[in-house]
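For reference, the structure discussed in these notes is given below.
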Amino acid sequence: MDFESNNWVWEGMYYYPRLFGGIMLTAALLGLSTSYFGGISVPTLLYPFPYLSIFYKKKHEKKRIRVYMDGCFDLMHYGHANALRQAKALGDELVVGVVSDEEIIATKGPPVLCMEERLALVSGLKWVDEVISSAPYAITEDFMNRLFNEYKIDYIIHGDDPCLLPDGTDAYALAKKAGRYKQIKRTEGVSSTDIVGRILSASKSGDSPQDCSNSTPVGEADDIKNKFGAEKQAKGGQISHFLPTSRRIVQFSNGKGPAPNSRVVYIDGAFDLFHAGHVEILRSARQHGDFLLVGIYPDQTVSELRGHQYPLMNLYERSLGVLACRYVDEVIIGAPWEVTQDMITTFNISLVVHGTVSESNSSTEGGQDPYAVPKSMGIFQVIESPKDITTSSVAQRIIANHEIYVKRNTKKAASEKKYYAERKYVSGD
């Protein structure tokens, strides 16, 4: 037999049908008896020639599904994070397009966060695999073809809420027509419009937040507005409509604890209105160990430290924002302001860190040091904050452009009210 020929299989079957059949039958029987012939490599028997294994690999390799979702992601919140979590669940790899500042200005008005800050927030989410900067607001035919051919996108994803262009047409009409569109469920109870409304509402009451960032590491409380409850509601302020469930927290959690010999790093704060500064300090903290544990102050603690108008977002909203960050392994929901010996022992904390940029808190000046215990144990470290952005500085951007955002929010609030009035149940999430 000429084994060098590319046609050796067909020649074997034609000239030596019985011999060839016997060889294939023997190989098949050996394949069914791998537990008995433990030392025999079945793939080698079936494919003694390298070029034949190509067909075996192609047949058994599963194509990875790549999905695409875009957005402005201005004032990133847990609703954005949950949308991207759902999108990732529809495929194997998630590519996210972040709309450019210029396109946002042209279609919606000026963004609160610049492109660099929005990219940091999106890239910092645990479900995101790849980011496309300066994506167009509308998916044109050219951009859609680029997604399919250059980025190998299989499906384009969007929420069940309508996304209309200035001319009233559907921004995703082309993707739907191409049969490459999938829909996810909108996360109710929060939106960028809602958050802007909370800040504007506070500014009307005379509780306008001031940009009071400093470089004193006293409780990383980055927080702004709204006491949630009867007192704030009586003042006419906006309250959160978020309904927390244990299922949502589980969806955002890693579900894994530290290994026995892990170096657990602890950092705490309010983490109100999760922003790029939070992402970067969490990234830096994570680099100091193997497992990052984040303590999130309860609403009452934040109010006592910063005033009754704080925080802007409630404890569960803030917890989800932190849990969505790829650098975070676990959170303590409602962590005590003071880091105690019991906490350090319970969570096996190796190092307590704190950033150089924080909101100033007059109520803590000259008071008890929340980090006295870890300092006495020699496990406290101040780390440089990569960015000087704070929650107060973000809020000030909105207040400084009060009229623009009031006008925009009035229009957006009307469309959101219409959406909720007409919405129907959408399965999934």
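Before moving on, here are some points about what is shown:
- The set of residues in the range 82-101 being in contact (Cβ under 8 Å) with a residue 24 or more places away in the chain and closer than 21 Å to residue 398 by Cβ consists of 98, 99, 100.
Conditions (1) more than 18 Å from residue 392 (Cα to Cα); (2) open to solvent by 10 Å² or more (accessible area, probe 1.4 Å), marked per residue:
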residue	(1), (2)
265	yes, no
278	no, no
283	yes, yes
289	yes, yes
292	yes, no
320	yes, no
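- Considering each residue of the range 355-372 in turn, none proves to be in contact with a strand residue (DSSP E or B) (Cβ under 9 Å, 6 or more places away or on another chain), modelled with pLDDT of 85 or more and open to solvent by 70 Å² or more (accessible area, probe 1.4 Å).
Residue-by-condition table, conditions (1) free of Cβ contacts under 8 Å to residues at least 60 places away in the same chain; (2) closer than 20 Å to residue 195 by Cα:
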{"position": "284", "(1), (2)": "no, no"}
{"position": "287", "(1), (2)": "yes, no"}
{"position": "316", "(1), (2)": "no, yes"}
{"position": "324", "(1), (2)": "no, yes"}
{"position": "345", "(1), (2)": "yes, no"}
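- Filtering the range 66-86 to residues that are over 25 Å from residue 272 (Cα atoms) and among the hydrophobic types (A, V, I, L, M, F, W, C) leaves 67, 69.
- Only residues that are charged (D, E, K, R), closer than 28 Å to residue 109 by Cβ and modelled with pLDDT of 95 or more were counted in the range 143-179, giving 1.
- Residue, most open to solvent (accessible area, probe 1.4 Å), within the range 297-315, restricted to residues that are within 18 Å of residue 82 (Cβ to Cβ) and either modelled with pLDDT of 95 or more or among the aliphatic types (A, V, I, L, M) (or both): 315
- Residue tally, condition out of contact with any helix residue (DSSP H, G or I) (no Cβ under 9 Å at 6 or more places or on another chain), buried (at least 16 other Cβ atoms within 10 Å of the Cβ) and part of a loop (DSSP other than H, G, I, E, B), over the range 164-188: 2
- Test: residue in the range 291-308 that is of a type in the set (Lys, Arg) and in contact with an Asp or Glu (Cβ under 7 Å, 6 or more places away or on another chain): yes
- For the range 137-160, a residue qualifies if it is surrounded by 18 or more Cβ atoms within 10 Å (Cβ to Cβ) and part of a loop (DSSP other than H, G, I, E, B), and the qualifying residues are 137, 138, 139, 153, 154.
- First in the range 141-156 and without any contact (Cβ under 8 Å) to a residue 12 or more places away in the chain, second anywhere and open to solvent by less than 100 Å² (accessible area, probe 1.4 Å), Cβ under 8 Å, 6 or more apart: 143/135; 143/136
- Residues that are of a type outside the set (Ser, Thr, Tyr), over 25 Å from residue 306 (Cβ atoms) and either modelled with pLDDT under 80 or open to solvent by less than 50 Å² (accessible area, probe 1.4 Å) (or both) do occur in the range 379-389, at least one of them.
- Within the range 262-280, the residues that satisfy the criterion of being over 20 Å from residue 336 (Cβ atoms), at pLDDT 95 or above and aliphatic (A, V, I, L, M) are 276, 279.
- Residue satisfying all of: in the range 98-132; touching a Lys or Arg at 6+ places or on another chain (Cβ under 9 Å) and assigned to a strand (DSSP E or B); most open to solvent (accessible area, probe 1.4 Å) among these: 130
- Qualifying residue in the range 194-217 (condition: among the charged types (D, E, K, R), modelled with pLDDT of 75 or more and buried (at least 16 other Cβ atoms within 10 Å of the Cβ)): yes
- Selection count, the range 226-261, where residues are at pLDDT below 65, of a type in the set (Gly, Ala, Ser) and open to solvent by less than 70 Å² (accessible area, probe 1.4 Å): 4
- Residue satisfying all of: in the range 34-88; modelled with pLDDT of 50 or more and of a type in the set (Gly, Ala, Ser); most open to solvent (accessible area, probe 1.4 Å) among these: 53
The values are calculated or read from the model by the stated rules, or taken from the named source; none is laboratory data. Remember, predicted model here, so these are calculated numbers, not experimental data. Don't worry about glycine lacking a Cβ; one is built from the backbone with ideal geometry, like all the others, and counts go over all protein chains shown. Protein only, heavy atoms only, side chains kept; ligands, DNA and RNA dropped before computing areas. Shrake-Rupley method; radii C 1.70, N 1.55, O 1.52, S 1.80 Å.
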